[in-house]
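Quick one: the structure is below, and I'll ask about it shortly.
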Amino acid sequence: MNELENLLTPDEKALHDALVEIAQQYGKFDEDGSGIWAGYESAEENDEKEIGVKCSNCALYAGGNVCEIIAFEVEAEGKCRLAVIPDGYVNMSGQMDDDMNDDMDNMSKADINLTPTDGMKSAARRALEWKKEGKRGGTRVGLARANQIVNGVELSESTVARMYSFFSRHEVDKKATGFSSGEEGFPSPGRVAWDLWGGDAGYSWSTAKWNSIKNRRENKSDTIVTTEADAVQKRDYSPKQRRAMAARGQAMPDGSFPIADRADLSNAIQSVGRAASYEAAKRHIIRRARALGLTEMLPDDWKKSMSKSANYSDSRFMKYM
């Protein structure tokens, strides 16, 4: 048994066990189009490994290249969307990443249009047709991005940043033979990958959008709280007190969101929207509310999700969708 299993909360353990049970009963997940898409990203593709989002921190990781639920070989530094990672193993403090920028992403939808253009859709659609024909090039991430673009999904700021980073890194691929129509070997693997991300239209679009996002962030940086520890400052706990509270489970592993009483709970609920890891902070707050007997203070939608989660866990996931 992976020792990380012992660190999972009851709900997380129920999810872990359910995934293992599904894999045992129906076979491990693959990405050949016949089963559930696991969304696996290799170590090279995984841009969240530095903060701890990776296979080696997942309770389903069996060591080496083996996962308990994924059929193909995985890498310790890779990740998938089904990861079950205990609290404290993802360190997002000080990072300007997806969770930390949820509130900024919401603002961007109001003042920056992040919907893919027709030119991007045309390129992505072309690349998907090439993939159907068996052409080489692109990754699972690229395929997912192409489908987002073709479907006109409004993209997040973090996705725009990844698009800009991808195009900046791979512009050199345009110099290879086969990138342009009429050249031998067209479309080259680099051209297929390029168009999966929206092609030239995607490059110019992501460059312009990313510049707009950076400018807006700089203008608003003074008013944005960027770490969990900074988010809850209404009650002054010393670092030593926070460490002690974390050891007792009254605060998160890094000492943030200390909750000893009703006042702390109220502060945490009000500040959770600024948390670096919203879901981890939410789980912590719910646990503390239960321990204090103050679940009536939780937001109504949290109470509903708690009820659904309890029912789902009690059934042990014996019925799958």
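Please verify whether segment 24-33 includes one or more residues that are surrounded by 15 or more Cβ atoms within 10 Å (Cβ to Cβ), in contact (Cβ under 8 Å) with a residue 24 or more places away in the chain and among the small types (Gly, Ala, Ser).
Within segment 24-33, none of the residues are surrounded by 15 or more Cβ atoms within 10 Å (Cβ to Cβ), in contact (Cβ under 8 Å) with a residue 24 or more places away in the chain and among the small types (Gly, Ala, Ser).
Sort out which residues of segment 110-122 are more than 13 Å from Trp205 (Cα to Cα) and of a type outside the set (D, E, K, R), and write them in order of number.
Across segment 110-122, the qualifying residues are Ala110, Ser122.
Of the residues Gly119, Gly152, only one is in contact with a Ser or Thr (Cβ under 7 Å, 6 or more places away or on another chain) and surrounded by fewer than 17 Cβ atoms within 10 Å (Cβ to Cβ); which?
Testing whether each residue is in contact with a Ser or Thr (Cβ under 7 Å, 6 or more places away or on another chain) and surrounded by fewer than 17 Cβ atoms within 10 Å (Cβ to Cβ) leaves just Gly152.
Right, another one. Please enumerate the residues belonging to segment 248-272 that are over 20 Å from Glu12 (Cα atoms) and loosely packed, with under 14 Cβ neighbours inside 10 Å.
Residues satisfying the conditions are Asp261, Arg262, Ala263, Gln270.
Residues that are of a type in the set (Gly, Ala, Ser) and either at pLDDT 90 or above or assigned by TED's automatic domain parsing to the domain that holds Tyr278 (or both): does segment 162-174 have at least one?
no
Here's another thing I want to ask about it. Restricted to segment 274-307, and to residues that are under 23 Å from the mean Cα position of the chain (by Cα) and acidic (Asp, Glu), which residue is surrounded by the most Cβ atoms within 10 Å (Cβ to Cβ)?
Per the stated criteria, the residue is Glu279.
Restrict the check to segment 251-263 and report whether at least one residue is in a helix (DSSP H, G or I) and either β-branched (Val, Ile, Thr) or on the phi < 0 side of the Ramachandran plot (or both).
yes
For segment 81-94, check the following and say yes or no: at least one residue is modelled with pLDDT of 65 or more and among the small types (Gly, Ala, Ser).
yes
If I go through segment 63-74 residue by residue, how many of them are surrounded by 15 or more Cβ atoms within 10 Å (Cβ to Cβ) and either aliphatic (A, V, I, L, M) or in a loop (DSSP other than H, G, I, E, B) (or both)?
Qualifying residue count, segment 63-74: 5.
Follow-up. Across segment 132-148, what is the number of residues that are β-branched (Val, Ile, Thr) and in a loop (DSSP other than H, G, I, E, B)?
Counting residues in segment 132-148 that are β-branched (Val, Ile, Thr) and in a loop (DSSP other than H, G, I, E, B) gives 1.
Looking only at segment 167-191, which residues are closer than 21 Å to Ile112 by Cβ and either touching a residue at least 40 places away in the same chain (Cβ under 8 Å) or in contact with an Asp or Glu (Cβ under 6 Å, 6 or more places away or on another chain) (or both)?
Selection gives Phe167 alone.
Right, next: Report the residue count in segment 31-54 for those that are hydrophobic (A, V, I, L, M, F, W, C) and at pLDDT below 80.
4
In segment 149-166, which residues are within 19 Å of the chain's Cα centre (by Cα), outside any helix (DSSP H, G or I) and closer than 17 Å to Asp118 by Cβ?
If the condition is that a residue be within 19 Å of the chain's Cα centre (by Cα), outside any helix (DSSP H, G or I) and closer than 17 Å to Asp118 by Cβ, then Val153, Glu154, Leu155 are the ones that fit.
Pick out the one residue from Val141, Val160, Val150 that is under 24 Å from Gly39 (Cβ atoms) and in contact with a strand residue (DSSP E or B) (Cβ under 9 Å, 6 or more places away or on another chain).
Just one listed residue meets the conditions, Val141.
The values are calculated or read from the model by the stated rules, or taken from the named source; none is laboratory data. Keep in mind the model is a prediction, meaning the values are calculated, not measured. With ideal geometry, Cβ positions are generated from the backbone for all residues, glycine too; neighbour counts draw on all protein chains shown.
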